[in-house]
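Note sheet for the following structure.
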Amino acid sequence: MTNAPAPGKIILFGEHAVVYGRPAIAVPVFQVHADATIQAHDDDRVMIEAVNLARRYALEDAPTDDPLAAIIRLTCARLGSVPKNFSVRIQSTIPVGGGLGSGAAVSVAIARALGKHFAIESIEDIEKKKINSMLSMSSMAGLSNADISALAYEVEKLHHGTPSGIDNTVIAFEQPVYFIKDKPIESFRVARPFTLAIADTGIAAPTKIAVGDVRRAWEQDRARYEALFDRVGKVVDKARAAIESGQVERLGYLMNDNQALLREMGVSSPEIERLILAAKTAGARGAKLSGAGRGGNVICLTDEVTQDAVERALVKAGAKRVIVTQVGGRQ
Ligand code: PMV
């Protein structure tokens, strides 16, 4: 049996503009995770068990756009292995449609677990049969983070058409990323850890719809939207500099600036604004939506002094769940 976890993620700065080539910053969130387990069995078929959906089905019966089937097929093809004689069990604590990367985490966990499963099988094969073929050697090497990210990206395309690739990247590499579409990934130093309260509006908002709406608005008024994306890109670069130099206070202002631009893009919502106002009134230094918007999660910059009051205010204002995470230090 092999297991692999994958964390959730938040986008700190730059969502939506990142789809149009501007930079964005994202960090993993280890308090929530997807976990995949691969179990070898004698049955030829591959069985998929999606615990959260209370579903169990055979790979051969799954449609081509089924995301779990897709990552299994893609990963086996990448490893040159035939998908048979195993079951995949996937379980996740990441809310679906909440902007915390649930889809990408499920794909990353499955690809990583399959990589380990076939690596172990090939070692056993070599021991049993005393073979040393190139094929076995290559699957023994397993999958790199870059391989896993690329596989998960293929599935992201099924979920929402034109993904930037930021979700699969930050989740596969499990470290803060400064991300520009189609450029090599960059990580960066968090000079001083900072604390975020992540509050769930409770509204599941499909990424595809918000991304599609922004695209239509961009098509209708390219000049206006390009200017908004440029301003987001500048905020992202200032935020990276602030994080690298430990200027945490500045981050709050930059989060508010980014939120103002997201509002102008039309991806905020009354529920998001209500949580932001509550957090700021209770002492948060900045707050913004994170991910596609329209619902999902809001991130609020807090500290030891304000944290409890901010959490209470968020719950009172209707947050369905509040996760507190530290960026730059695992909790
Ligand atoms: O809602 P999420 O976490 O899937 O975030 C989407 C982020 C966008 O920038 C809106 C889209 C993308 O592909 O980067």
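Overview of values
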| quantity | calculated |
| --- | --- |
| Residue pairs meeting the criteria (Cβ under 7 Å; at least 6 apart or on separate chains; first under 30 Å from Glu15 (Cβ atoms) and touching a residue at least 60 places away in the same chain (Cβ under 8 Å), in segment 27-44; second open to solvent by 60 Å² or more (accessible area, probe 1.4 Å) and not in a strand (DSSP E or B)) | Pro28/Glu174; Pro28/Gln175; Phe30/Arg330; Val32/Thr93; His33/Thr93 |
| Positions within segment 197-215 being open to solvent by 80 Å² or more (accessible area, probe 1.4 Å) and away from the ligand (no atom under 14 Å from the Cβ), in sequence order | none |
| Test: residue in segment 224-243 that is open to solvent by 20 Å² or more (accessible area, probe 1.4 Å) and either in a loop (DSSP other than H, G, I, E, B) or in contact with a Ser or Thr (Cβ under 9 Å, 6 or more places away or on another chain) (or both) | no |
| Scope segment 199-226; condition closer than 18 Å to Arg263 by Cβ and small (Gly, Ala, Ser); matching residues | Ala199, Ala205, Ala210, Ala217 |
| Top-ranked residue of segment 122-152 - restricted to ones that are at pLDDT 85 or above and touching an Asp or Glu at 6+ places or on another chain (Cβ under 9 Å), ranked as nearest to Ile110 (Cα to Cα) | Ala152 |
| Whichever residue in segment 143-187 is open to solvent by less than 20 Å² (accessible area, probe 1.4 Å) and more than 16 Å from the ligand (Cβ to nearest atom) and, among such residues, is farthest from Val27 (Cα to Cα) | Leu151 |
| Selection status of Leu262, within 16 Å of the ligand (Cβ to nearest atom) and either part of a helix (DSSP H, G or I) or at positive phi (or both) | yes |
| Single unsatisfied condition, Gly328 versus (1) within 23 Å of Lys181 (Cα to Cα); (2) under 19 Å from the mean Cα position of the chain (by Cα); (3) small (Gly, Ala, Ser) | (1) |
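The values are calculated or read from the model by the stated rules, or taken from the named source; none is laboratory data. Because the structure is a prediction, the values reported are computed rather than measured. Cβ atoms come from the backbone with ideal geometry, glycine included; neighbour counts cover every protein chain shown. When the accessible area is computed, the model is the full protein with side chains, heavy atoms only, and any ligands, DNA or RNA have been set aside. Shrake-Rupley method; radii C 1.70, N 1.55, O 1.52, S 1.80 Å.
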